[in-house]
Amino acid sequence: MQLLEKHVLTPREIVLELDRFIVGQERAKKAVAVALRNRYRRSKLPEEIRREVTPKNILMVGPTGVGKTEIARRLAKLVDAPFVKVEATKFTEVGYVGRDVDSIIRDLVEASIHLVKQQHTDRVQEEAKANVEEKLADLIVRPAKKSNPIDILLGNKPRDPDLPPEERARLQMKRDEVRQALLRGEMENVQVEIEVEETMPRSEIPGTDVSMNDVIGTILPKKTKLRKVPVSEARRILLNEEAQNLIDMDAVYAEAIRRAEEDGIVFLDEIDKVAGKASGHGPDVSREGVQRDTLPIVEGSTVPTKYGPVKTDHMLFIAAGAFHVAKVTDLIPELQGRFPVRVNLLPLTKEDYRRILTQPENALIRQYQALLSVDGVRLTFDDSAIAEIAECAYNANENDENIGARRLHTLLEEILDDIAFNAGGGDAPEVTVTVDAAYVRSQLSGEMREKDVRKYIL
């Protein structure tokens, strides 16, 4: 599916795309599909009406492991939109030590810049490849020399010495020969010396998104060093540098801010953990303060970033929480009102677990089959094994903590532990292993089976 087509998907088509990876939860899929389609509808409105139409933010309520995060993540990939997932518990009220909620928008802008920069890089890829081949030919014919620090400080570029015409003709002939050899792939293992920038660890100024490297980099020249690498590695390094030189970063920043403002999706997970009144002491002292600080961003405000001011009026916010202890009504009323679309996600049934194991394109069974096929093991599960695993997952979640579909990872690791351990080896023959219900029962510990609660009845 092309990028242009993804932006004009109908709600029904969006749900079909989500069905490829997520089992059940039709109401949640329908809500996000409508919210996404409304963005396209808004873009077709006249300017004076478009400014007044704001996204209808979504609050997902449901136990852990039922697909809340996966729905939001797949939705962002579907439209290639800037997306950031944050945990509400990571933030503290302004005035306390920790991250403030404005950093959510700064993270979204960074994600948008990465997305737009990659798209701009793809457009200049062919031109960059041609330039890199020329540079590689020059490096092989005339190896690079370390730049003079004084020239770097003064901004002077080193000049090639004047050569007699015969020498220039000889070098050009040799360069042509090397270029043809490079195109034929005959010099991939030849060692060349290239000058690269030294990477310094990034250290941010507390409370801001400004890096000390950015501040110092504007004063001092960037340090470089010579690296001796094969042509294959040098091509990759030079391709990144050349693409960086060909794209206009000012245009990237401008487009990234626009994309973040118009198409950005913020997923606020664990929103229930900041619900409730502040106790005045202890680790939860700023819980209600986080809600108050989040409110201006969700309802629409301007957040300053190092790339310029960013408006949050038309960003889509999707909040999610289990709300086992706290209730939705424990959120401050103003914040509740900013999430008008409320969706209750249903706990998973035995049939859901069975479908999760086999139906999605990235189904767990297929993942384990692909992993073990590397060591020559053809793994198959019969229907009785699938049904038994689904039954065990359902019972374990009912009797112990309900962790949803994540329980299947625990069960499959325990079931396939011996097979994965014994697979592999250079002289091991290819084998076919069929897992049935009897094998599943023999591998799972007693805690995973259905517990007999009759002995607790008086």
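In nanometres, what is the gap between the two model label sites at E334 and V34, each 7 Å from Cα along Cα-to-Cβ?
2.8
With 22 Å as the limit, write out which pairs from K174/K225; K77/K350; K29/K85; K129/K174; K29/K56 have Cα-Cα distances beyond it, or answer none. Provide the component values of the computation, followed by the final result.
Working: K174/K225 27 Å; K77/K350 29 Å; K29/K85 18 Å; K129/K174 20 Å; K29/K56 15 Å.
Violating the 22 Å Cα-Cα cut-off are K174/K225; K77/K350.
I'm a student and want to see the number: the projected area of the Cα convex hull of the range 352-441, averaged over all directions, in nm².
Averaged projected area of the range 352-441's Cα convex hull equals 5.7 nm².
Report the FRET efficiency, 1/(1 + (r/R0)^6), for K77 and D427, where r is their Cβ-Cβ distance and R0 is 25 Å, rounded to 0.05. The partial results should precede the final answer.
On the way: r = 42 Å, r/R0 = 1.68.
Given R0 = 25 Å and the Cβ-Cβ separation, E is 0.05.
What order do you get for 71-81, 115-125 when each peptide is scored by the mean count of other beta carbon atoms within 10 Å, highest first?
Values: 71-81: 19.9, 115-125: 16.2.
Ranked from most to least packed, the peptides come out as 71-81, 115-125.
Carbon and sulfur together cover what percent of the accessible area of the range 1-141 at a 1.4 Å probe radius?
53
Put a dot 7 Å past each Cα toward the Cβ at R292 and H324; how far apart are the dots in nm?
3.0
When you count, for each residue, the other Cβ atoms within 10 Å and take the mean per peptide, how do 311-321, 396-406 rank with the highest first?
Going by the mean number of other Cβ atoms within 10 Å, highest first, we get 311-321, 396-406.
Would you mind computing Rg(Cα) / (2.2 N^0.38 Å) for the range 306-458, counting N as its residues?
On the way: Rg = 21.7 Å, N = 153, 2.2 N^0.38 = 14.9 Å.
The value comes to 1.46.
Would you grab the residues whose amide H sits under 5 Å from the one on V310? Only those 5+ places off in sequence or on another chain, please, with H modelled 1.01 Å from N.
Amide H neighbours of V310, under 5 Å, 5+ apart: V303, T305.
Between A420 and A181, what is the label-to-label distance in nm when each label sits 7 Å out along the Cα-to-Cβ direction?
4.7
Rounded, prolate or oblate: which fits the range 47-140, taking a ≥ b ≥ c as square roots of the Cα gyration tensor eigenvalues, rounded meaning a/c under 1.5, else prolate when a/b beats b/c?
Prolate, because a/c is 1.5 or more and a/b exceeds b/c.
Please say if the range 358-404 is rounded, prolate or oblate, where rounded means a/c under 1.5 for a ≥ b ≥ c the square roots of the C-alpha gyration tensor eigenvalues, and otherwise the choice is prolate for a/b larger than b/c and oblate otherwise? Kindly include the intermediate steps, with their values, before the conclusion.
On the way: a/c = 2.49, a/b = 2.07, b/c = 1.20.
Because a/c hits 1.5 or more and a/b exceeds b/c, the range 358-404 counts as prolate.
By the gyration tensor of its Cα atoms, with a ≥ b ≥ c the square roots of the eigenvalues, what is the shape of the range 287-354: rounded for a/c under 1.5, prolate for a/b over b/c, or oblate?
In terms of gyration-tensor shape, prolate.
Hey, what's the range 306-407 come to in accessible area per residue, 1.4 Å probe, Å²?
Counting only protein heavy atoms, the per-residue value for the range 306-407 is 49 Å².
Between Q369 and E52, how high is the FRET efficiency from 1/(1 + (r/R0)^6) when r is the Cβ-Cβ distance and R₀ = 51 Å? Nearest 0.05. Please report the intermediate quantities before stating the final value.
Details: r = 52 Å, r/R0 = 1.02.
Here the calculated transfer efficiency is 0.45.
The values are calculated or read from the model by the stated rules, or taken from the named source; none is laboratory data. These numbers were taken from a predicted model, which means no experiment stands behind them. Reconstructed Cβ throughout: ideal geometry from the backbone, glycine too, with neighbour counts over all protein chains shown. Note: accessible area is taken over every heavy atom of the protein model, side chains too, but ligands, DNA and RNA are not part of it. Shrake-Rupley method; radii C 1.70, N 1.55, O 1.52, S 1.80 Å.
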